[in-house]
Amino acid sequence: MPVARRQVLAAAAAAPLVASALGGPAAAAGTTAGTGEYLVGRGIADVTGPAAENGMMGYSMPQQQTAGIHLRTLARAFVVDDGEQRVVFVTAELGALFQSVHQGVLRKLRETHGDRYTEQNVLLNATHTHAACGGDSHYAAYDLSILGFQEQTYNAVVDGITEAISRAHADLKPGTLHLGRAVLTDASANRSRSAFDLNPRADKDHFPLAIDPAVTVLRFAQGDRDVGAITWFATHGTSMTNTNRLISSDNKGYAAFAWEQLDPDFVACFAQTNAGDMSPNLNLSPGSGPTEDEFENTRIIGDRQFRAAKRAFDAAREQITGAVDHRMCFVDMSKVTVDGRFTPDGQQHATCTAAIGVSMLAGSREDGPGLPIPEGVRNPFLDWLGGADVPIPDWLADAQAPKPVAVPFGAMQPYPWCPEVLPLQLIRIGQLHLVAVPAECTIVAGLRIRRSVAEELGVPLENVLLQGYANAYSQYVTTPEEYDAQQYEGASTLFGQYTLPAYQQEFARLAAAMRSGTEVPPGPTPRDLRGKLINFQPGVVFDDKPPGREFGDVLTEPASRYRRGEQASTAFVTGHPKNDLRRGGTFAEVQRQVNGEWRRVADDRHWSTKYRWARSGPATSTATITWDIPPNTPAGRYRIVHHGNWKNGWNGEITAFTGTTRTFVVT
């Protein structure tokens, strides 16, 4: 079942140490890319942060703090080796993949694998769910609503991604890759249509529905067995609204869950592309479309992606052949001089110091408004930073025009609030090329970058994909025409009107180097801000239990009998989830009695369960677990189990406990 399924992939978790020492599985392999045979591996690991009282990343709502789990967030890793070169691809179910995480993962990989996996050949990216834990950035802008840097979240993300890569490394076996394609038109809507319409006709004609409907699937096989897939499709991770407080991997997480339920050994990765202006809220209102229920919308939009991906997967006939390759460099995106061949007017222009516009503070009304902070409410983390009321220099206002600058992120002291030295990466897997952008691009911005790279490489446009949210995060990238509209996306384009042309130029440079087989200078070194931020989110002092009760006691028993389609519910005396994140484990499980033994049938990675945590007093808390009984559930005897930990206030000792309900019958 869900956890056991992933334990199959984790069985060789210790093998990377041995494999690295021996040179790895590719040590004796010759170049096989020309025949379409590679070494391929895949792995999966948990990156879920604190399930209570941790701010969520995405909507910038200080009051949106975690209070349980609906779907744990996971990292899925793939390794491809042609006998000479190797690349790693990881998608993590996070709001963003911050530069701090990129740096941390590479440090841990170096400890275990030496120089096999580096910033050159490792591509990390996020699904952009807005219902995952935040606080794992070293840049203040992305920790403001989280009340500072959250070390527990950071460690969970870095450790989980590293584990997924190590498991993929240990899983390497001879295999093949195939490309499949499909079209999906009912899982996204353009939330910034007025800005999109400012683009030239040639761009708009490429997207007649004002959405990017392309679904691209990379199908992985080891021998004659299908073992995994990466699916790229552009839609935001905002089916869950800014009032939700349950950790969720959102629509792409459901798509992965649905596919992986079919095969306990299959790894289904759903990655983003240019989703900057693509909303899953089809009625262009938070939590609206196709239904008015955010959970049902998450399931429906996820299911549509899964079904489109499965169509593309089943029809994948184009075999991947050719070399594996990579190019990567760091670029200071605040100081790029852009040649006229990439700008709309054909003249030379430049990027500028990062700043956000007034419209960014308002949020996207289609996916969720931002920062409704009442007058008089203070943010201690913002106060510690010195506030945001920094004068806007005339030169910066002019450089960012027509953006009305709200906060000059790049000019804040003593450190900028966002990164400006950013990783730009180009990955080749046979005829497929991935352009890894450390931002979220609108569909036309993505199209222009893809065109620039495809033209430089001399390859078909469809074989160049934009991989957004990759290796770092620097908000949005719009076209210069869209920037003029100063919608939410334009106001969030940090480096001014010529941000996109700068990306086009720099990625064309990487493509030229890949085509010619030459290296590129590494560029400036990004700053390392470890230890520079603090945390104002209170931690766990101690846990208490109600009089006459013990931790794990059942407060509310489930009914004695349920029918399929009904919801079983129970409540327990519990401790704070921050005492032990149970990463790789679970707070909740549903068990079925089979031949006198209790077997797990669902846990807090399963769509049917919800684990909710709430304070019942200053130091007491309650865990409520619900199970929406699936229609295909076998009749039989069941029970619900809660795992937790409590903290002793006298000595700080943390103790695990388990609570179990009475048995109930499903008919």
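Would the stretch 87-224 count as rounded, prolate or oblate if I go by the C-alpha gyration tensor, calling it rounded below 1.5 in a/c and otherwise prolate when a/b exceeds b/c, oblate otherwise? It is oblate, given that a/c is not under 1.5 and a/b is not larger than b/c. Fully extending the segment from residue 315 to residue 415, taken as 0.36 nm per residue of separation minus the present Cα-Cα distance, adds 31.0 nm. Between the residues 309, 443, 134, the greatest Cα displacement towards the positive end of the dipole of the chain, with unit charges on the Cβ of Lys, Arg, Asp and Glu, is found for 309.
Between residue 520 and residue 224, residue separation times 0.36 nm minus the direct Cα-Cα distance comes to 102.7 nm. Between 512, 570, 522, the Cα set farthest toward the positive side of the dipole of the stretch 511-577 (charges on each charged residue's Cβ, about the Cα centre) is that of 512. Here residue 108 is the anchor, and the lysines within straight C-alpha reach of less than 28 Å, apart from those fewer than 8 places off in the same chain, are 173, 252, 532, 578. Give the cross-link partners of residue 403 among the lysines, using a straight C-alpha distance below 26 Å as the criterion and excluding same-chain residues fewer than 8 apart. Here the lysines satisfying the reach criterion relative to residue 403 are 204, 335. Summarising the label geometry, the points placed 7 Å from Cα in the beta-carbon direction at residue 616 and residue 205 lie 6.7 nm from one another. When Rg and Dmax are taken over the Cα atoms of the stretch 529-667, they come to 16.9, 57 Å.
Between the stretch 434-464 and the stretch 267-338, the C-alpha centres lie 15 angstrom from each other.
In degrees, nearest 10, range 0 to 90: what is the angle between the Cα axis of helix 151-170 and the longest Cα principal axis of the chain? Taking the Cα atoms of the chain, the angle to 151-170 is about 80 degrees. The dipole here belongs to the stretch 413-510: it is taken about the Cα centre, uses +1 on the Cβ of Lys and Arg and -1 on the Cβ of Asp and Glu, and is about 300 debye. Reducing the stretch 605-624 and the stretch 129-145 to their Cα centroids gives an inter-centroid distance of 23 Å.
The angle between the Cα long axis of helix 443-457 and the main principal axis of the chain comes to about 60°, on a 0 to 90 degree scale. Averaged over residues, the count of other Cβ atoms within 10 Å places the peptides 143-155, 468-480 in the sequence 468-480, 143-155, highest first.
Converting the Cα gyration tensor eigenvalues of the chain into ellipsoid dimensions via √(5λ) gives semi-axes, longest first, of 38, 30, 24 Å.
Over the chain, DSSP H runs of length four or greater, each weighted -39,500 (n - 2.57), average out per residue to a 222 nm ellipticity of -7000 deg cm²/dmol. Principal-axis analysis of the Cα atoms of the chain puts helix 99-113 at an angle of about 80° to the longest axis. Across the options 641, 390, 146, the greatest Cα extent toward the positive end of the charge dipole of the chain (unit charges at beta carbon of Lys, Arg, Asp, Glu) belongs to 641. Modelled spin labels at residue 667 and residue 197, positioned 7 Å past Cα toward Cβ, are 5.9 nm from each other.
Enumerate by residue number the trypsin sites (Lys or Arg not before Pro) in the stretch 229-337 meeting two conditions: DSSP loop (anything except H, G, I, E, B), and at most 15 other Cβ atoms within 10 Å of the site's Cβ.
The qualifying sites are 317, 335.
Classify the stretch 281-351 as rounded, prolate or oblate, taking a ≥ b ≥ c as the square roots of the eigenvalues of its Cα gyration tensor: rounded when a/c is under 1.5, otherwise prolate if a/b is larger than b/c and oblate if not. Cα axes put the stretch 281-351 in the oblate bin.
Can you work out the FRET efficiency for the pair residue 461 and residue 564, with r the C-beta to C-beta distance and R0 = 41 Å, to the nearest 0.05?
Given R0 = 41 Å and the Cβ-Cβ separation, E is 0.30.
The trypsin sites (Lys or Arg not before Pro) of the stretch 608-667 that DSSP puts in a loop, and whose beta carbon has at most 12 other beta carbons within 10 Å, are 662. Charged side chains reduced to their Cβ positions (Lys and Arg at +1, Asp and Glu at -1) give the stretch 554-666 a dipole of some 180 debye around its Cα centre.
Read-outs throughout are calculated quantities, based only on the coordinates presented, and are distinct from any laboratory measurement. If you're wondering where the values come from, they're calculated on a predicted model, not measured in any experiment. Cβ atoms come from the backbone with ideal geometry, glycine included; neighbour counts cover every protein chain shown.
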